[in-house]
Amino acid sequence: MGLTVAGMALGVGMLLLGSAAAQPAACGTNLRVDRSMQLEPGCRYTGSTVITGSNLVLDCRGATLDGDYKVVPVLRVGGDRMVSDVEIRNCVITGSRGSAVIIGLSAPDSRKPLGADGRPDPAQHPHRITLRDVTVTRNSGVGIFVDDYVQDTSILNSTVENNAAVGIYLEHNSRRSRIANTRVARNGFGRKSGIPAASNTSREGIAVDASADNIIENNTISGNNQGGIFLYRNCGEQPNNPDQVLRTQPATGNVIRDNVIEGGSLVGIAIASRQDMPVKPESCRLRVDAARGIYPDAAPGNRVLGNTIRGVPVGIRVSDDGNVVEDNRISAARDCIRLGSQERNRLGHPIQDLIVRGNSCMEGRVNVLPETRMIQGNGPMTR
């Protein structure tokens, strides 16, 4: 039987069952949290933890939430209800059989709450959720998943490492997340990670999938499989699944600044990372060029400022309009900066209105595809 925890005030210790420090597995299981509470340091809490209340703090005080690779997720914020103004801190989260932390409603996309205009209503989804000083490690899926329509999430001073899929994933129509002063390392190796129940995947450190107005700053992003930060709008997966919805919002208005990004098999920062990626038309909801299996990605109007990038084949790749790349320091094996899209050129809509200036290419070239257009008086300028 699970242990339900509710109505405990911050500063009051978690219920002790015998000698919790000596027998960490006996500390508790399947926690339900609806008010502020603290856990016992050094303890291990198994099963799933679900936060169902608002205006609360869950302080693990170094305790571990461990799913033993039997549950997914290990920590759910929201679930079947909207919650807000929640802080989770000082937790170690491990052992999920899929995504470890999910912030959002558990209902399928097609059944999410609607507003008076008949469109999904972000006000009825979790918002103002903060993860502070947490460690999310060795989970068989995504480390931290910010689900659709969730707003104003903060991931601060944390560590997200050695997860089999993406380290941090910002899902479609989420907005205004802030990821700061966090280490995102060695994620995305799938089965090669040796983590139980991992799928055969190969991913990046941070994915921004049709998510907008986020700030990603002052992080260390290193050793992730494909690279650092990828911005894109996927083509609408599982088109025959009635619970899936079309991605209408592009990945736009995001600021990526003052990060250190190192390592990865593809690219440090990719803007419209799926622009020229082959896809199967039968796998997409958005219109795909059936002859070539290409669809137009959408990640316009983002800013990439003051980052240090090294140890990658390509430093920064920009494949959509109106993006700014400024004052970055880059060492790359092939292209320091790559601008443009062959497929957009072929379709008669080359990449345009770019601002590229003040970047330092210590290693690698600036590669500008034909027809790519800068705003007059700009780049590709490097020093």
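Taken together, the values in this text are just the output of simple stated rules run on the coordinates, not laboratory data. Remember, predicted model here, so these are calculated numbers, not experimental data. Neighbour counts run over all protein chains shown; Cβ positions are idealised from the backbone, glycine included.
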For ASN30 and LEU305, calculate 0.36 nm times their separation in residues minus their Cα-Cα distance, and state this gained length in nm to one decimal. 94.7 nm
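Determine the calculated [θ] at 222 nm for the chain from helices alone, applying -39500 (n - 2.57) to every DSSP H run no shorter than 4 residues and normalising by the residue count; nearest 500 deg cm²/dmol.
That calculation yields -500 deg cm²/dmol at 222 nm.
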Of (1) 52, 52, 44; (2) 114, 89, 38; (3) 70, 46, 34, the label for Cα extents along the principal axes in Å derived from the coordinates: (3)
Identify all aspartates and glutamates with a Cα-Cα distance to LYS192 below 18 Å; exclude those on the same chain that are fewer than 8 residues away in sequence. GLU161, GLU204
Ordered by fewest other Cβ atoms within 10 Å, a rough proxy for footprinting exposure, MET362, MET82 read MET362, MET82
For the chain, with a Gaussian network of springs between Cα atoms less than 10 Å apart, report the residue from ALA123, ALA298, ALA165 with the top mean-square fluctuation. ALA123
Please order LYS280, LYS70, LYS112 by the number of other Cβ within 10 Å, starting at the fewest. LYS280, LYS70, LYS112
Considering every Cα-Cα pair within region 163-281, what fraction, in whole percent, is farther apart than 17 Å? 57
Given 0.36 nm per residue, what is the gain on full extension from ILE375 to HIS349 after removing their alpha carbon distance, in nm? 7.8 nm
Sort GLU204, GLU171 so that the residue with the fewest other Cβ atoms within 10 Å of its own Cβ comes first and the one with the most comes last. GLU171, GLU204
Just grab the label-to-label distance for LYS280 and ASP117, each label 7 Å out from Cα along the Cβ direction, in nm (one decimal). 3.6
If you take the square roots of the eigenvalues of the alpha-carbon gyration tensor of region 235-383 and sort them as a ≥ b ≥ c, do you get rounded (a/c under 1.5), prolate (a/b over b/c) or oblate? prolate
Starting from the Cα of SER110, step 7 Å toward the Cβ, then list every residue of region 267-284 with an amide N under 18 Å from that point. 282-284
Using 7 Å Cα-to-Cβ label points, what is the GLU237/ARG191 separation (nm, one decimal)? 1.8
Counting only other residues whose beta carbon sits under 9 Å from that of ASN323, what net charge do I get with K and R as +1, D and E as -1? -2
Area projected by the alpha carbon convex hull of region 73-203, averaged over all directions, nm²: 7.4
